[in-house]
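Data first, discussion second: the structure below is written as structure tokens.
The values are calculated or read from the model by the stated rules, or taken from the named source; none is laboratory data. What you see is a predicted model, and the numbers here were worked out from it, not measured in a lab. Every residue, glycine among them, receives a Cβ derived from its backbone with ideal geometry; neighbour counts consider all protein chains shown. Note: areas computed on protein heavy atoms with side chains; ligands, DNA, RNA excluded. Shrake-Rupley method; radii C 1.70, N 1.55, O 1.52, S 1.80 Å.
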Amino acid sequence: MPIPDLLRDLLKAAGPSGHEEPAARVWRAAASSFAEVHGDTLGTSFARVGPGNGAPTLALVGHIDEIGIAITHIGESGLLSFATIGGFSAETLVGQRVRIATRDGEVRGVVGRRRVAPPKGRDEGSKLDHSDLHIDIGAKDRDDAASLVRVGDAAVWDGAPFELRNGRIVSRALDNRLGAYIALEAARRVAEAGDSQFDVVAVAAVGEEVGYFGARTAAFAIEPDVAIAIDVTWATDIPGGNPKLAGTFELGSGAAIARGPMINAHVFDLLLTAAEEDEIAHTVEVATRLTMTDADAIHVSRGGVPTGLVSVPLRYMHSPVELGSLDDVEAAIALIASFARRLGRDQSFVR
């Protein structure tokens, strides 16, 4: 199953937190073909469809930023030190190729590690830390590197998305270009159906990986009557996956519908009803405290926004080989579009 063109373009574009412009341009261009599109000063993108004329608003929020790294120092030998943007382990970086976004275009490099003496015994290996790593762009010295790269330039893993068997895809940034893509495609289907009683605003939020900032300000600005955050969740069908923690999320099991203190009970019930009545593949994800997604910021915006969360199971999260299922992506799109079209203007979310 081929990766949809728009999703492929979103995945190819770099967009770590604070540097989302390339991915946002792709999203806004696609949205402009069917929606009213605008952005804000943080970089968040909005695409509105629906009846207008004072209709209530449903926000569909998927963050478009990804984890990455930022250059912090240029050494005398031309090697680059860096810090992470978002949280991920040093093991996922060592030996990887990276793309650095600079004022003059992309510069490619590789991540090397500090040479250490071989361990004398079987159990004496040292734990890898980010400070053990550096980026090598092939520069001769500091001046050569500084002519190409500035301190503060951001980078992401280098590698094109690709398809595996059974509709499964691999790429960096599935967390959470999938959410931004699903939000936009669900809004597109609502627009094509033409029967929604709500305005639907798809939101490609920035800054989730460093603090939910785009979703927080977007929810404050558009004042939605109801919202759905769209993200990814940890697949349980790999070694170490534990379905006892929050539920069973296997690739191909469909959209994961969250339930818990951060989730409005009426929104959860409506999502579950839509999934069951439309026979959309789904599971239930239990979040007993924070969801660790944009939903945590949205639901306490202003006087409170009734909020739901729909996620796609993902293997190997926060790595260059995140792996997901296009069937689950389709299930999430279908579920959210169905939810949007079922909302009536007299719908109450009061608990």
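Among the residues of segment 203-217, the one identified as over 12 Å from LEU42 (Cα atoms), surrounded by fewer than 24 Cβ atoms within 10 Å (Cβ to Cβ) and among the β-branched types (Val, Ile, Thr) is VAL210. Look at segment 296-309: where a residue is in contact (Cβ under 8 Å) with a residue 60 or more places away in the chain and a partner is of a type in the set (Phe, Trp, Tyr) and not in a loop (DSSP other than H, G, I, E, B), sitting 6+ places away or on another chain with Cβ atoms under 7 Å, you get SER301/PHE220; ARG302/PHE220; GLY308/PHE268. Kindly provide the set of residues from segment 251-275 that are more than 24 Å from ASP225 (Cα to Cα) and either open to solvent by 20 Å² or more (accessible area, probe 1.4 Å) or not aliphatic (A, V, I, L, M) (or both), ordered by number. Listed by number, the residues that qualify are GLY252, SER253, GLY254. Taking segment 38-71 as the range and being open to solvent by less than 10 Å² (accessible area, probe 1.4 Å) and of a type in the set (D, E, K, R) as the test, the residues that pass are ASP65, GLU66. Close Cβ contacts (under 8 Å, 6 or more residues apart or on different chains) running from residues in segment 82-98 that are touching a residue at least 60 places away in the same chain (Cβ under 8 Å) and farther than 17 Å from GLU209 by Cα to residues that are of a type in the set (A, V, I, L, M) and surrounded by fewer than 18 Cβ atoms within 10 Å (Cβ to Cβ) comprise GLN96/VAL110; ARG97/VAL110; VAL98/VAL110.
Here PHE82, PHE88 are screened, and the one residue that is surrounded by 15 or more Cβ atoms within 10 Å (Cβ to Cβ), of a type in the set (Phe, Trp, Tyr) and not in a strand (DSSP E or B) is PHE88. Among the candidates ASP328, ASP294, the residue that is touching a His at 6+ places or on another chain (Cβ under 9 Å), buried (at least 20 other Cβ atoms within 10 Å of the Cβ) and under 25 Å from LEU7 (Cα atoms) is uniquely ASP294.
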